[in-house]
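The values are calculated or read from the model by the stated rules, or taken from the named source; none is laboratory data. As the structure is a prediction and not an experimental result, all values here were calculated from the model. Note that each Cβ is placed from the backbone with ideal geometry, even for glycine, and that neighbours are counted across all protein chains shown.
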Amino acid sequence: DVKVTQSSRYLVKRTGEKVFLECVQDMDHENMFWYRQDPGLGLRLIYFSYDVKMKEKGDIPEGYSVSREKKERFSLILESASTNQTSMYLCASLSSYNEQFFGPGTRLTVL
Amino acid sequence: AQTVTQSQPEMSVQEAETVTLSCTYDTSESDYYLFWYKQPPSRQMILVIRQEAYKQQNATENRFSVNFQKAAKSFSLKISDSQLGDAAMYFCAYPQGGSEKLVFGKGTKLTVNP
């Protein structure tokens, strides 16, 4: 079974803090993704990575950065958290059959 | 911009009945995949069913089937014999420009009434 894990289910941070969201997959997938999910907006792609140290901006990259130092780990970084970044964050990895496997999500609240 | 449209923000169905969730998409590609994902309350998003555009036969997975109309760019999900565990958000998704990146619809919240 493919497993995608995220470091926290719930996270509360203060405005201006630097926030790290970690994602790990155990199936040697090359492609990994970070999405943001908001009610009525569906899932929006923030960044994705197609290999170690390789990344590409998604549809809403502003205010975020990413790091992929190892194949299994893809981190999302909020350099200076703001209240409008309060959201559910989903990580996914892509199988060779074009199926994306999702982590459980991190619900981030920025106060 | 390529888009995926789910025109029903919410749907409800009686247990054991059949419900159809609609999805339309916009693409100029000729060969692609289409996906339906399910996100139960407070649980992980999982793939329900996948359709390959070059296949004329509609995909089926147990009680879940699709009605794929390539010319109309329509990809609806039919759930037969609905169960309480089918209650979830359902997302239709399509690869952006034939790439690995998925474009998701805004979702349909399905309620199953006992």
Need the failing condition index for B:S42 against (1) of a type in the set (S, T, N, Q); (2) within 13 Å of chain A (Cβ to nearest Cβ); (3) surrounded by 11 or more Cβ atoms within 10 Å (Cβ to Cβ), just the number. (3)
When you check B:Q14 against the structure, is it surrounded by fewer than 15 Cβ atoms within 10 Å (Cβ to Cβ), among the polar types (S, T, N, Q) and without any contact (Cβ under 8 Å) to a residue 40 or more places away in the chain, yes or no? no
Do you know which of the residues in segment B:87-114 that are farther than 17 Å from A:G42 by Cα and at pLDDT below 90 is farthest from the other protein chains (Cβ to nearest Cβ)? B:G97
Given the condition surrounded by 14 or more Cβ atoms within 10 Å (Cβ to Cβ), in contact with a Cys (Cβ under 9 Å, 6 or more places away or on another chain) and either farther than 24 Å from B:V103 by Cβ or facing another protein chain (nearest Cβ under 10 Å) (or both), answer yes or no: does some residue in segment A:45-65 qualify? no
Could you list, ordered by first residue, the pairs with Cβ atoms under 7 Å in which the first is in segment A:85-106 and in contact (Cβ under 8 Å) with a residue 12 or more places away in the chain and within 11 Å of another protein chain (Cβ to nearest Cβ) and the second is among the basic types (K, R) and part of a strand (DSSP E or B), at least 6 apart or interchain? A:M88/A:R107
Residues of segment A:14-51 satisfying the condition of being more than 21 Å from A:N98 (Cβ to Cβ) and part of a loop (DSSP other than H, G, I, E, B): A:R14, A:T15, A:G16, A:E17, A:K18, A:P39, A:G40, A:L41
Which ones in segment A:74-85 are closer than 21 Å to A:V4 by Cβ and surrounded by fewer than 18 Cβ atoms within 10 Å (Cβ to Cβ)? A:I77
So which of B:T24, B:T111, B:T20 is surrounded by fewer than 19 Cβ atoms within 10 Å (Cβ to Cβ), over 19 Å from A:Q100 (Cα atoms) and over 14 Å from the mean Cα position of the chain (by Cα)? B:T111
